[in-house]
Every structure is written in C-alpha cells, then in structure tokens.
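Below: the structure, in structure tokens.
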Amino acid sequence: MACDTSSLGCGLDILESLSNDSISDISENWNSFCSTSEYLLKGSGDLSFSSEFVMRAKNLSKHGLASLIEQHFLRRIEETFERNGARRFWSYFEPYSNAAPFETNKDPILEEEIQQVICKALEEISSEKQFQEKCLLLLAHALQSYEEDKSQGHANPDSTRVYLFSKYQLIVSSVLLASLPHHFPGILHWYFKGRLEELSTIAAANSEDEDELDMDDKMDLDEKRKLPYKCGNMDSDINHKYAIFSDNNKLVKNIGMVVRDLRNIGFTSMAEDAYASAIFFLLKDKVHDLAGDDYRSSVLESIKAYIQAVPLQFLRALLDYLGDFTSCDGPSSGLKSPLASHPSLCYSGTGVPSEGLVRWQLRLEYYAYETLQDLRIAKLFEIIVDYPDSAPAIEDLKQCLEYTGQHSKLVDSFISSLRYRLLTAGASTNDILHQYVSTIKALRTIDPAGVFLEAVSEPIREYLRGRKDTIKCIVTMLTDGTGGNPNGPGSSGDSLLEELNRDEESQENTIVDDDINSDDKQAWINAQNWEPDPAEADPSKGSRYRRKVDILGMVVGIIGSKDQLVNEYRVMLAEKLLNKSDYDIDAEIRTLELLKIHFGESSMQKCEIMLNDLIDSKRTNTNIKATIKHQPQSEQRDLEISLDNLNATIISSNFWPPIQDEAVNLPETVEQLLADYAKRYTEIKTPRKLMWKKNLGSVKLELQFEDRAVQFNVTPLHASIILQFQDQKKWTSKNLAAAVGVPVDVLNRRINFWISKGVLAESMGTDSADHAFTLVETMNDTGKSGTIDGGCEELLAGDEDGERSVASVEDQLRKEMTVYEKFITGMLTNFGSMALDRIHNTLKMFCIADPTYDKSLQQLQSFLSGLVAEEKLEFRDGMYYLRK
C-alpha cells in the first residue's frame, strides 16, 4: 500500500545499518501500519485493525522508528481533523457571516437558533476529537508498551501519552484558529449575553418577590428601583443567590458544557473573553440603569450587591461545574484558564471563595467603579449645579476615585465642561460665582487636600479676574443672604454669608499667614496631622496653601487683594445705608462683625464708623424731636410739615466714600423744615453744623387725585418734580428744569418715572426740543396700563438709569489715578512705547513723594484701558503708545 514518504526523513538514516531481512520486515510493517492508520481514522471500528495497528507500531519501534510513526500518525490526524472536524464545524456558522451586529440584534428567534447551532457544532467537533484521542491512545499504549519492555518496567508510564496528547491539542487549536471566521467571537459573545440575561432575569424576579415582602407599600417606586438587590445580611443573601443558580442547574449546565467544549478544542481564552465581555456588558447596563440622572441617592452599594448576587454567583456555579466535570489529569483538559480556580482551591458550599472567584470579584468591582466614575464625571457639571441635593452622587464618585485613582480624568473632563458651558460671555458673573462656590463645596468632599480642586478652579478664577463686576458680585454674596441673585437658580446656600455665619474656629485658616501666628499647641497638632501632598500636586505651591479648603478664602482670593474687596464693600454699604428709610442696621452690624474676623478690624474701621453714624443719627434724631415737646408753645414755629415727619442720616464725610452731589431746588416748605432741623442740631451739637445733601434720601408721598389716591416712596428730586404740579398743572421741560434746578437732560430722564406711572402725560411743545408735561387728574385722561391704585411704588437713588448715591470704586480709582496721567504721558513721550509691567515698575520707582504710587497692576491696567477708551492712548501688541 502506498503511503506518504515525506514523513520518513527522520528515520531513513537507520536503514543504512540494517540487513536486507530487517529492511524487508520494516517495509512490511510500515505498509501495514499506514493502512491500519487510515482505517482507524476513518472510524471503521474494527478491533482487528486496532490490534494489528498496535502490533505494527510495536514492531517499528523495535527498529528505532518510534518518532517516525508518531509524526506520521499525527500528520494523518491533522489532515483528518481539518477535513472532518474543522471544515464541518465552521460550516455551521457560515449563514450568520452577514447578519446584523450581534450587540444590537434583538431577534429572539435568531438567538434561539444560534444557541442550538453552537451546541450542535461543539457536540460534533467534540465527538470527532474524542474519537481521534482514542486512536491516539492506542498509539500511546503501543509505544509505551515497547518502552516498558525495553527498560524492564522502569520507564514513566504516562510520559508518551502526555507528550502525544499535548501535541494533538496544539494541532487542534492551530487548525481551528487558522480558519477562524471573523464573526465567530461575536456569535459567542451574543450567546453568553443571552444566557446571562436569562439568569439575571431569574435572579431579579426572585429578589423583587422578596423585596415586596420587606418593603413598605408606600415606598416610592424610584426608591424600589434603587434597591433591586438586598444589601443587608450579605453572607446569607449570597448563599441564597447561589442556591438560585444551583436550582437552575440546567441552564448553568448548558453554559458550562459550552465553555468546557470550547476549552476542549483550545478556545480557552476566546471562551473566557466571550463570557467575560458578556458579563461586563450586562454589568455596564446595570450600572447605567441604577445610576440614571437621579443624583439624590447613592447607588454604589446597590451595584456591589448586584455583583454579588448575579455575576459572581454565576461564575461560582460555572467554575464549580467545570471543576466537577473537568479533570486536570484527563486527556480532554485542554488549556487551563488563568482565572479558573484549581479544584483544590474550590470550597463549594462552605462560603469560602476560590482564588479564581476572588480575582473575578476584583475585576468586576473595578469595572463597576470605573463605569460609575465615568458616568458621574460626565455629568459632574449637573451634579454640582444640584449640590447639596446631589451629595450622595458626590460621595459615590469619591469612593470610585479612591478605588481607581483616576483623578486626572475628573480634572480634564470638568475643566472642559467649565470652558464650554460656564466660562462664556452668555453666563452672568453671579451664575459663575455660584457654580464656583458649589464646585468648592462638592470637590472638597472628594479632595480634602484641595490638590485637584486647585487645578479645576484655576480656569474659573482666571476668567473671573477679567470681569469688571466680579468684586461687586463677591461683596453681594458676602453681605446678601440671597447670594446676590434673588431671581436666579441660586439659594441662600450659594451665598458666602453662610460661610461667614459658621463657627469662628472653623475660619482660623482663612488667611495663609495663620501658620506663622499659630501657637505652639496648634503647631504641634498640625505637625502630627501632616501628610505628604499627592503626586499630582503642584510643586510650586507648598502644603500650607492647601492645608484646608476654605471657601471664603478661595473666593476672596480671586480678587488678589483684600483692600479692593473692602473698598467695594464700603461703597455698597454706604449705598445701602443712605437708602434706608429707618435706622434698622442689625443685619449690617452682624455682617461687619463677621467680616472683621476675616479681614481684620483695621481694614473695616471706616465701615464701623459708617454704622456708628447711623446709630448716632437715630439718637440725635430722637433728641431733636424731644426738644419740640419741651419747647414752650410760644417759641414753636408754625411749619406746614412737622419735624416728626423728618428723619435725618448724619454722616462723617471723611470716613464715607465720595458722595454724589447733585443740585436740586426743594419746595419752600421743605427748605424751612431742613433749616429748622439744622438749627436745632447746632443747638445740641455746638459748634457742629449740618450740610444737607438734598439729592439723597427718600420721600414718602401720597398723591390725591379726583378719582384715586396713590402712595410713592421716591428720591427728593422726583418728589420735587411732582410737587411743582401742585400749583401749576402744565409745565414745559425748560421751565420745569429751571424750577427744580437741574439740567434739561437730567429732568427728561427722571420725569419718565412719573410718565410711566400715568401721573404725568407728555406732549410736544411749540419747540421740538421743549416738551410739555401735564398732570393726569383722572384715569380716563390716560390710556396707560401702568397706572396703579392705592399701592406704594418705590424708586430710590440708584434704581433708575444706573444713578448711584455714592461714587463707585472705579470712579474713585479713576479720580485717584488722574494725578499719574502726566507721569504716564511723559514716559510714553520719552520711550515711545511701554508694556504694562514696565509702566507699573517705573511709577513705583519714581512716584515716591506725595502722592505715593501704591496701586496694583490690575488697577493700573483698568486706568490705562480708560485712557485708551478716551482715545488718549493706543494699545497694540501688548504695548501702550501715545495717540497721535
């Protein structure tokens, strides 16, 4: 019988030393061995061929041709397996090569069909493999028998068998992998995903039945969804879940048989990848489902309970099944998975997890933490907007980051969100500051050391420094319980007044220099609690800068100088005090006392004097009115308006910000009232005299018409305007401006208030530039819908057209910096062009006499920007030039 001589090369050298009889015997045995090998591998099952196959193999081995027959038989097995095993196996999956992606395909019929195809294909190829292993075992016995006879029983009885089976396993794996279709891993993933979904549904249904017995009927449905798996009594619950999977042993057995067959044909890694990816896919879906967009409750414990209840119990049952049915010493063991535990490490039913199960648990928990972390980081902007309601989500994120250590991902993602959604021209400064405060509060939970908070907040701080109203908004947040945004989404928790009201001891680290002033005991406590900075910390900033995350200190640090903030607060306080209609300043006193703790008493001294002026004014006002009661009847002046209707705010002008002074002619009766008040003040406070700021204050009016009476609370100028119509019903703008004592343009701007309220009507006069104003006596005389009936309308100084009682900080700075304008002009004349830093340093060097230059770089930049706006300077490429 002819046979393949390509496999004889390894033994031909032996023939040179043999006799003709030996060569004839070898030839006869070789031809018979080749023919019986073909019959065996074809599966004839004839025992006579088996015995002859063994005998011929032994005879050839006696001639030293053992390696030759091994190679020949393995080559024949490879060809047969490729023809009868691999090709047929892959043919089952050819119809699905053009199917839709299995991850998105939800066809249950196709899923059931593929499940049957996988089981059938694996069953056939495993049967073929088992048959070939039996044939290989015959050869192993023949060769082993010869070795035993040769060594007289001293040879290793299993060495030949182990060698042949290891070679055969490599042959099977290489043949199958060489012809692996690209869509087969997707089919496996889909199969395991479907089976795991089925098991998960069984476990979830069982858990819901138990939860219905334990939960209150009135519990919110959303809360029930958040508790799909019990977290309490974990050990007994895990054992119960394991019992659920054990009770459904048919489904687990089917999955185990598929895994075992895949490992048997050398697809150990592929099988593990398939069911691992399916497990991770389901776990990811579960994390997304539990997390959702509700940040008011923690979901981490529910996720961990799900891992214990479903994936781990499935893996435990699967590994137990594989351990029971897979022998490490058997010929069908295949390649052992690195995550599959050795039978000796499995303690089924004892509650002690195997090594493989522990490794799986670590993998699953890390994946769950990372998935939840990515979800929360992607929605961190919304979470911080909802803070503190979203505190549970922040706590979950903190635990995830502690587990994964991916803090840099949070920093990069959140900075990107801030730049895209917050740090834009469309966002108000108030909204940015509210978000900044919420960011500090939320991230200090995640990062108590402030390292990552420092990186996240720097873009916000840099952006806010470029906004002109930042200081004003910060001061408003410091002094106003509504956070300076009563109409916005912020609440009182967004304001810095909340921080001011905290315990004074919690504010001991507000100023960086506190380290220097701390006593020995505190220094020792700080030394004991010291910890090194994280690796991500900025090495240019020492640890003491981030010893404690202080909200107030970080917000105030945006400005860079506390003097600027104090000056803005002084202006705002003056505006508020001058517009008060009473002497109730308890809230302002409380705020000032808290600010003194943070900024020092010396910084707030002028503000304290301003409040004392209000207290003294109340006392003086009471004393002046008391003199009227004790004055003899004959000495009392006959005034149209009683002094009881006048309350004066007496200020120490040297300690107040510059007051806006605007000339206004008040009615004669009011002038008399003020003169009488000033006289009585001089009698009490000799030799002091009052200098009235007639444009400041508020006037309560009641206007009586033919068909209505309306009350107003307005500025003195508005009151003076309307009182002119008491005796004369119609005025032109020029005459009325002359009577009131203000320019025509100012009059036209202020009188709009009365026109808008339907009190006055405007018409064109004889001169187009001279309008006429007429008093509206009845409702029928006007179609104005803005007319009010009986209510009280308020319009105080600063409420209209941006008018203020006190000069703003910018106006004060511009006035103070005007003296340096000549210096700057002279420098630019000599040098041609200069950068901001050089101008600043030159002014500091030469302006040492009175007035001394003590302004900051930001203040100088603001002043130079004003000169550019006035077209006195030019700014190009970072350099300032004189405008030609």
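Out of LYS606, LYS625, LYS596, report the one residue that is open to solvent by less than 30 Å² (accessible area, probe 1.4 Å), in a helix (DSSP H, G or I) and basic (Lys, Arg).
The unique qualifying residue is LYS596.
Condition check: closer than 30 Å to VAL556 by Cβ, modelled with pLDDT under 85 and open to solvent by less than 40 Å² (accessible area, probe 1.4 Å). Does ILE659 satisfy that?
It is true that ILE659 is closer than 30 Å to VAL556 by Cβ, modelled with pLDDT under 85 and open to solvent by less than 40 Å² (accessible area, probe 1.4 Å).
Out of all the residues in the stretch 251-300, which are more than 26 Å from TYR369 (Cβ to Cβ) and outside any helix (DSSP H, G or I)?
ILE265, GLY266, PHE267
So, of the residues in the stretch 836-857 that are open to solvent by 60 Å² or more (accessible area, probe 1.4 Å), modelled with pLDDT under 85 and not basic (Lys, Arg), which turns out to be farthest from THR818 (Cα to Cα)?
Among them, the one singled out is MET845.
Does any residue in the stretch 576-598 that is in contact (Cβ under 8 Å) with a residue 40 or more places away in the chain come within less than 9 Å, Cβ to Cβ, of a residue that is in a loop (DSSP other than H, G, I, E, B) and of a type in the set (Lys, Arg) six or more places away or on a different chain, and which pairs are these?
Taking only residues 6 or more apart or on different chains, the pairs are LEU578/LYS693.
How many residues are open to solvent by less than 50 Å² (accessible area, probe 1.4 Å) and over 18 Å from ARG83 (Cβ atoms) if we restrict to the stretch 164-201?
Matching residues across the stretch 164-201 total 18.
Within the stretch 1-117, considering only helices (runs of 4 or more DSSP H) that don't extend past its boundaries, which have at least 2 residues that are under 26 Å from SER127 (Cβ atoms), modelled with pLDDT under 65 and not charged (D, E, K, R)?
47-62
Quick check on my filter: what residues within the stretch 858-882 are loosely packed, with under 13 Cβ neighbours inside 10 Å and either within 19 Å of VAL819 (Cβ to Cβ) or hydrophobic (A, V, I, L, M, F, W, C) (or both)?
Once the filter is applied, which keeps residues that are loosely packed, with under 13 Cβ neighbours inside 10 Å and either within 19 Å of VAL819 (Cβ to Cβ) or hydrophobic (A, V, I, L, M, F, W, C) (or both), the stretch 858-882 yields ALA869, GLU870.
Table: residues versus (1) buried (at least 21 other Cβ atoms within 10 Å of the Cβ); (2) out of contact with any strand residue (DSSP E or B) (no Cβ under 9 Å at 6 or more places or on another chain); (3) under 19 Å from HIS288 (Cβ atoms).
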| position | (1), (2), (3) |
| --- | --- |
| GLU382 | no, yes, yes |
| ALA391 | no, yes, no |
| LEU397 | yes, yes, yes |
| TYR403 | no, yes, yes |
| GLN406 | no, yes, yes |
| VAL411 | no, yes, no |
| ILE415 | no, yes, no |
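Among SER756, SER763, SER733, which is the only one that is touching a His at 6+ places or on another chain (Cβ under 6 Å) and either surrounded by 16 or more Cβ atoms within 10 Å (Cβ to Cβ) or over 25 Å from GLU668 (Cβ atoms) (or both)?
SER733 is the lone residue from the list that is touching a His at 6+ places or on another chain (Cβ under 6 Å) and either surrounded by 16 or more Cβ atoms within 10 Å (Cβ to Cβ) or over 25 Å from GLU668 (Cβ atoms) (or both).
Among the residues that make up the stretch 291-300, is at least one of them free of Cβ contacts under 8 Å to residues at least 40 places away in the same chain and surrounded by fewer than 23 Cβ atoms within 10 Å (Cβ to Cβ)?
Looking through the stretch 291-300, at least one residue is free of Cβ contacts under 8 Å to residues at least 40 places away in the same chain and surrounded by fewer than 23 Cβ atoms within 10 Å (Cβ to Cβ).
Restricting to the stretch 624-656, name every residue that is touching a Phe, Trp or Tyr at 6+ places or on another chain (Cβ under 9 Å), modelled with pLDDT of 80 or more and not hydroxyl-bearing (Ser, Thr, Tyr).
ILE624, LEU646, ASN647, ALA648, ILE650, listed by residue number.
One line per residue, one yes/no per condition, for (1) under 19 Å from LEU401 (Cα atoms); (2) modelled with pLDDT of 85 or more; (3) assigned to a loop (DSSP other than H, G, I, E, B):
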| position | (1), (2), (3) |
| --- | --- |
| GLY323 | no, no, no |
| SER332 | no, no, yes |
| SER337 | no, no, yes |
| GLN361 | yes, yes, no |
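Restricting attention to the stretch 553-571, which residues are assigned to a helix (DSSP H, G or I) and on the phi > 0 side of the Ramachandran plot?
Those that are assigned to a helix (DSSP H, G or I) and on the phi > 0 side of the Ramachandran plot: none in the stretch 553-571.
So if I check each of LYS689, LYS700, LYS694, LYS679, which one is open to solvent by 20 Å² or more (accessible area, probe 1.4 Å) and in a helix (DSSP H, G or I)?
Checking each option against the conditions leaves just LYS679.
Scan the stretch 715-730 and report the pairs whose first residue is open to solvent by 10 Å² or more (accessible area, probe 1.4 Å) and whose second residue is acidic (Asp, Glu) and in a helix (DSSP H, G or I), with Cβ atoms within less than 9 Å and a gap of 6+ or a chain change.
none
Could you list, in sequence order, all residues of the stretch 578-621 that are at pLDDT 85 or above and basic (Lys, Arg)?
Passing the criteria: ARG590, LYS606, LYS618, ARG619.
Quick one: what pairs do we get from the stretch 24-42, first residue closer than 16 Å to LEU65 by Cβ, second open to solvent by 20 Å² or more (accessible area, probe 1.4 Å) and modelled with pLDDT of 80 or more, C-beta under 8 Å, 6+ apart or different chains?
SER37/ARG76
Considering only residues that are over 15 Å from the mean Cα position of the chain (by Cα) and aliphatic (A, V, I, L, M), which ones fall in the stretch 433-456?
Result: LEU433, ALA449, VAL451.
The values are calculated or read from the model by the stated rules, or taken from the named source; none is laboratory data. Everything quoted here is computed from the prediction, not taken from an experiment. When we count neighbours, we look across all protein chains shown, and the Cβ atoms used for this are built from the backbone with ideal geometry, even at glycine. Each accessible area value is taken on the protein alone, full model and side chains, heavy atoms only, with ligands, DNA and RNA left out. Shrake-Rupley method; radii C 1.70, N 1.55, O 1.52, S 1.80 Å.
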